[in-house]
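Heads up, the thing below is written out as structure tokens.
The values are calculated or read from the model by the stated rules, or taken from the named source; none is laboratory data. The structure presented is a predicted model; accordingly, all values stated were derived computationally and were not measured. As a convention, Cβ positions derive from the backbone with ideal geometry for all residues, glycine included, and neighbour counts pool all protein chains shown.
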Amino acid sequence: MNDKKDVLDNGPFFHGTKAELKIGDLLVPQHLSNYQDKKSNYIYFTATLNAAKWGAELARSKSKERIYIVEPLGDFENDPNLTDKRFPGNPTRSYRSKSPLKIIAELSSWERHSDEEINHMLTSLKKLSEQGKNVIYD
């Protein structure tokens, strides 16, 4: 765990995905992104359940949506894809790291966003893609 006094956030931290993982597994960079057709240089996570739900719901897969509680095993930084993009600061408490995240638990139940909210988000993301603005800085 990052024990520095200047740590960005003390968590707890979440990772939303459709990947089936086990307690103790490590999430590492250089796996195919859930959102782009490329390998990601970072592993992304959040300290808000709402952002983790979006991660699980928007991941490209037909598998079950899952939210894991994770422990960063190294330094991490604000996710520049969200920080200061719509709101000042990092209200979604979204982060990324080149170091592994350790799966320490899985949330057994959580309330999904409504189908209407998910469809609205998918439509918005599609529009951004069509405009060339749905860029992930990785």
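Name the residues in the stretch 1-34 that are within 14 Å of the chain's Cα centre (by Cα) and at pLDDT below 75, would you? Explain how you work it out, then say what you get.
Pass one, the stretch 1-34, residues within 14 Å of the chain's Cα centre (by Cα): 11-19, 27-29, 31-34.
The answer is His31, Leu32, Ser33, Asn34.
Mind checking which pairs have a first residue in the stretch 74-87 that is within 23 Å of Leu27 (Cβ to Cβ) and a second that is part of a loop (DSSP other than H, G, I, E, B) and of a type in the set (Ser, Thr, Tyr), Cβ under 6 Å, 6 or more apart or different chains?
Gly74/Ser99; Pro80/Tyr137; Asn81/Tyr137; Leu82/Thr92
Out of all the residues in the stretch 72-82, which are buried (at least 17 other Cβ atoms within 10 Å of the Cβ) and in contact with a Phe, Trp or Tyr (Cβ under 9 Å, 6 or more places away or on another chain)?
If the condition is that a residue be buried (at least 17 other Cβ atoms within 10 Å of the Cβ) and in contact with a Phe, Trp or Tyr (Cβ under 9 Å, 6 or more places away or on another chain), then Pro72, Phe76, Asn78, Asp79 are the ones that fit.
Taking the stated definitions as given, is Ile23 more than 29 Å from Lys126 (Cβ to Cβ), not in a loop (DSSP other than H, G, I, E, B) and not polar (S, T, N, Q)?
So Ile23 fails the test.
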